[in-house]
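Student: Quick one: the structure is below, questions incoming.
The values are calculated or read from the model by the stated rules, or taken from the named source; none is laboratory data. Computed from a predicted structure; not experimentally measured. Methodologically, a virtual Cβ is constructed for each residue, glycine included, from the backbone with ideal geometry; neighbour enumeration extends over all protein chains shown. Accessible surface areas use protein heavy atoms only, side chains included; no ligands, DNA or RNA. Shrake-Rupley method; radii C 1.70, N 1.55, O 1.52, S 1.80 Å.
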Amino acid sequence: PANSMSSWVSQSGKILILDSKQKDTRYDDEKKILPHNLSAIRSAQPRPSVAGRQYTVIATIPLVCIGNLVGVLDIVADNGSRIAEAQITQITPLINLISFIYGKTFTENITKLAEICIRFMEGRDAYTYGHSLRVANYSVAIAKSIGLNEVQKQRLRLAALLHDLGKITFSDVLFTTQKSLTKLEIQLIKMHSVIGANMISGINKNISLIVRSHHENYDGTGYPDSLKGDKIPLLSRIITITDAFDAMLTERPYQTGMSIESAIEEVKLNSGKQFDPQLVEVLIGCYQSGDLKL
């Protein structure tokens with residue numbers, strides 16, 4: 001019902017606690033949408049209230065996940081007990097967990113959580129802060145241009161956000177040193193795609209595979225599996241080009257960031273080598289149309 005407690009809480013985002021003695025129409029409307037078995041239990045096992053009359057307290061709570069309302073939760077006390085807002089505040093962590101699990105846009109919520117985690121990880125290195133989010137945005141721009149569906153776009157965005165997750169296991173020294181890396185250090189850093197994929201594999205196999213292959217080169221010279229051409233997952237090929245493109249533009253301790261024009265030329269030079277030639281054309285088209293949002 002439009003005037004129910006659930007409706008009011010959904011619009012206000014606040015907790016609402018009512019009982020039958022308050023003569024509030026929102027309470028009456030809320031009872032109509034409660035599961036029928038609650039009424040059956042009340043009829044079969046009446047319990048006296050404090051005042052000798054039975055009434056039910058309903059606490060309606062907004063379920064908010066990462067800033068988004070995903071539903072409401074009714075807590076029903078059928079024995080005349082009072083429910084105080086302070087009591088609900090004590091179980092807020094549990095309510096937040098319920099919100100996360102309950103969310104209808106689960107993939108979107110996971111993606112938002114990934115954004116938070118990656119921002120924290122990249123905060124260790126001022127040079128690469130924001131890199132994964134930019135790669136995700138560039139990747140989605142390409143996905144839209146080639147007509148990928150919503151599921152593929154969500155999967156791509158999440159994989160792009162997490163593509164460097166494996167680096168969280170490395171020492172900060174590897175990312176802040178002003179010296180050239182040794183061969184051993186370079187080989188260690190190359191392991192980040194495998195480490196990240198292994199970290200994700202227990203959660204989502206598809207995302208894990210994309211992350212594992214984002215450093216495969218179109219001509220087969222990449223790592224870790226030396227995949228070539230169409231053997232490389234399409235979403236990995238997209239991240240390969242957007243990851244490299246952003247790296248070219250970024251100032252690093254060991255390199256000066258390129259201009260956009262120079263980075264575009266570098267991408268062209270590596271078409272058919274590091275990058276899928278068709279995706280090179282799409283990237284250039286997205287840049288020229290302003291869809292990359294640099």
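Student: If Val173 satisfies all but one of (1) modelled with pLDDT of 90 or more; (2) surrounded by fewer than 17 Cβ atoms within 10 Å (Cβ to Cβ), what's the number of the condition it fails?
Tutor: Among (1) modelled with pLDDT of 90 or more; (2) surrounded by fewer than 17 Cβ atoms within 10 Å (Cβ to Cβ), the lone unmet condition for Val173 is (1).
Student: Right, another one. Can you pull out every residue in segment 219-259 that is more than 16 Å from Asn206 (Cα to Cα) and either assigned to a helix (DSSP H, G or I) or touching a strand residue (DSSP E or B) at 6+ places or on another chain (Cβ under 8 Å) (or both)?
Tutor: Taking segment 219-259 first, the residues more than 16 Å from Asn206 (Cα to Cα) are 219-230, 240-259.
Residues satisfying the conditions are Gly229, Asp230, Thr240, Ile241, Thr242, Asp243, Ala244, Phe245, Asp246, Ala247, Met248, Leu249.
Student: What is the one condition in (1) open to solvent by 40 Å² or more (accessible area, probe 1.4 Å); (2) in contact with a helix residue (DSSP H, G or I) (Cβ under 9 Å, 6 or more places away or on another chain) that Gly147 does not satisfy?
Tutor: Unmet condition: (2).
Student: Just one of Thr242, Thr250 is touching a Ser or Thr at 6+ places or on another chain (Cβ under 8 Å), closer than 23 Å to Gly147 by Cβ, open to solvent by less than 30 Å² (accessible area, probe 1.4 Å) and in contact (Cβ under 8 Å) with a residue 12 or more places away in the chain; which is it?
Tutor: Values: Thr250 fails: closer than 23 Å to Gly147 by Cβ.
On inspection, the qualifying residue turns out to be Thr242.
Student: Please go through segment 282-294 and give me each residue that is surrounded by 13 or more Cβ atoms within 10 Å (Cβ to Cβ) and either part of a helix (DSSP H, G or I) or in contact with a strand residue (DSSP E or B) (Cβ under 6 Å, 6 or more places away or on another chain) (or both), ordered by number. Don't jump to the end; show me each part of the working.
Tutor: First, the residues of segment 282-294 that are surrounded by 13 or more Cβ atoms within 10 Å (Cβ to Cβ): 282-287, 291-292.
Correct list: Val282, Leu283, Ile284, Gly285, Cys286, Tyr287.
Student: When segment 194-218 is examined, which residues are found to be charged (D, E, K, R) and either open to solvent by 20 Å² or more (accessible area, probe 1.4 Å) or part of a helix (DSSP H, G or I) (or both)? I'd like the intermediate steps shown before the answer.
Tutor: First, pick out the residues of segment 194-218 that are charged (D, E, K, R): 205, 212, 216.
Residues satisfying the conditions are Lys205, Arg212.
Student: Moving on to the next point. Restricting attention to segment 190-242, and to residues there that are touching an Asp or Glu at 6+ places or on another chain (Cβ under 7 Å) and among the basic types (Lys, Arg), which single residue is farthest from Leu269 (Cα to Cα)?
Tutor: Among them, the one singled out is Lys228.
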